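Below is one structure; the comments refer to it alone.
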Amino acid sequence: MTGTMIEFILLLVAHAIAGIYSSPLKYSKRTTYVIWSIWVLFQSMLLLYTEFMLTNWVLQFFVGFVLSLVGQYIIFFATTKGRLSQRVFIIMTYSVFFCIVMSLFSMISGSLGNLHWGLTVLIQALLLGGVIAYFLLYVCNLCRTASKNITTGWTPLILVNIVFIITIILSSIFPVRLTSFRDPAVFTFLFLSFSIMAVYPVIFSSINHMSDAAAKREVEAQNKLLLAQIEAEAAQLAAEAQARHDRRHHNLVMLEFANNNDVESIREYLSNLVSSDSEMRGDVRHFENAIVNTVLTVYERHAKENGISVKISAKANRDLPISPQDLVIIIANLFENAIHAATKLKSKEKHIDIYIKDSTQRLLIKVENSCRANLTFDESLWGVGIRSVISTINKYDGMYDFFATDGTFSAKISLNLN
């Protein structure tokens, strides 16, 4: 009797520890400790009543197992804060571990019944401590790291926990309760339990590795855009240095014309200079924002170097409520993808058309480029660039549509300006 009560109290303390340290607390630690201590005391008295007054093991199971777990859920949600779905997943994961521990406790008591109750309780305490440590220090840490990258999708994980709980109960309690390690079904149960407990680190480690890889690719994409901007600025500085060098010679020629009072020659010379400069440099003022304009200019030059004709119509308010960096992510990724698609064509008629226009409520961006005539574009073909574009669009409650028809790929985007 004493051993059984200590076993129950150990489980209640484990509930409290899991509830306090698995999720962010709503109240101070002192207040939380008091709440959980009151619950442990109340539940211990209830268990004492169950042990002395109830002889039916089904009722004992209901009061000692079900009610204690439900009480733990209530206290847990009352004392923690954060995303509800994530907290539900955490407490359900603990419930899975708890079901495994309860079954192991039953088998330890049945197999080691001839030992002193103190030794049995010590073995159970060591087992419980190991499982709780594994849950809090390993599983919860991986879950918290993964939650930074998971905004949706917790519901399927919660359903997986429910399936695990039902599986454990069916394999260890109903229809036949496992009470000894000598039972042949124990090996199946142990394999199932260890497999379930190992699943969580595998899932969250994989999520974290994939998130790290995606973040790395995002940094590489940002660095690529930065290098493009630096390249454009370097080219601009080189052009300005060349212009300063040439300006000295032009000034000397015009000074000679001026000394000879040859106004007509000065006019003709200046006219030729303006025309030559326009042909050489082109109209590169596509966009009011300097950063966006630079990226448009850089990728326009890359496209023309690959024999692609480019048309850009970009008219928008200088003070858009959208950061230039976000515009660069959208425009640069779409422009770069368009260049890659067009350069793969053997046809000489390769083109990229970019249209940017703002209204009072939305900014419209459309990029069209030549592509393979039989191209079909669906979500399975989305690369890092497209996913980065979509993530940026979602920041502004925007809409997008990507499709390919008759050898032309179109990307249509609408961003909310309110």
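Structural remarks
- Taken together, the criteria exclude residue 188 from residues that are open to solvent by 50 Å² or more (accessible area, probe 1.4 Å) and within 28 Å of residue 83 (Cα to Cα).
- Listed by position, the strands (runs of 3 or more DSSP E) enclosed by the range 310-418 include none that has at least 3 residues that are at pLDDT 90 or above, of a type in the set (Phe, Trp, Tyr) and open to solvent by less than 40 Å² (accessible area, probe 1.4 Å).
- Filter pass, residue 64 being at pLDDT below 85 and surrounded by 19 or more Cβ atoms within 10 Å (Cβ to Cβ): yes
- Selection of first residues in the range 9-20 that are closer than 17 Å to residue 48 by Cβ and of second residues that are assigned to a helix (DSSP H, G or I) and not small (Gly, Ala, Ser), restricted to Cβ pairs under 7 Å at least 6 apart or on distinct chains, gives the following pairs, ordered by first then second residue: 10/124; 10/128; 12/40; 12/43; 13/40; 15/72.
- The range 138-162 residues that are in contact (Cβ under 8 Å) with a residue 24 or more places away in the chain, paired with ones that are surrounded by 18 or more Cβ atoms within 10 Å (Cβ to Cβ) and hydroxyl-bearing (Ser, Thr, Tyr) (beta carbon under 8 Å, 6 or more apart): 139/93; 139/200; 140/22; 142/200; 143/93; 143/200; 161/93; 161/95
- All of 96, 70 fail the test of being modelled with pLDDT under 90 and assigned to a helix (DSSP H, G or I), apart from 70.
- If the condition is being open to solvent by less than 50 Å² (accessible area, probe 1.4 Å) and either more than 17 Å from residue 131 (Cβ to Cβ) or in contact with a Phe, Trp or Tyr (Cβ under 6 Å, 6 or more places away or on another chain) (or both), then the range 191-205 contributes 196, 204, 205.
- So residue 300, is it charged (D, E, K, R) and modelled with pLDDT under 80: no
- Across the range 134-151, the qualifying residues are those that are open to solvent by 40 Å² or more (accessible area, probe 1.4 Å) and under 18 Å from residue 194 (Cα atoms), and the one among them that is modelled with the highest pLDDT is 134.
The values are calculated or read from the model by the stated rules, or taken from the named source; none is laboratory data. Remember, it's a predicted structure, so these values are computed and weren't measured experimentally. All Cβ positions, glycine included, derive from the backbone under ideal geometry; neighbour counts span all protein chains shown. Ligands, DNA and RNA are stripped out before the accessible areas are found, and what is left, the full protein with its side chains, is counted by its heavy atoms. Shrake-Rupley method; radii C 1.70, N 1.55, O 1.52, S 1.80 Å.
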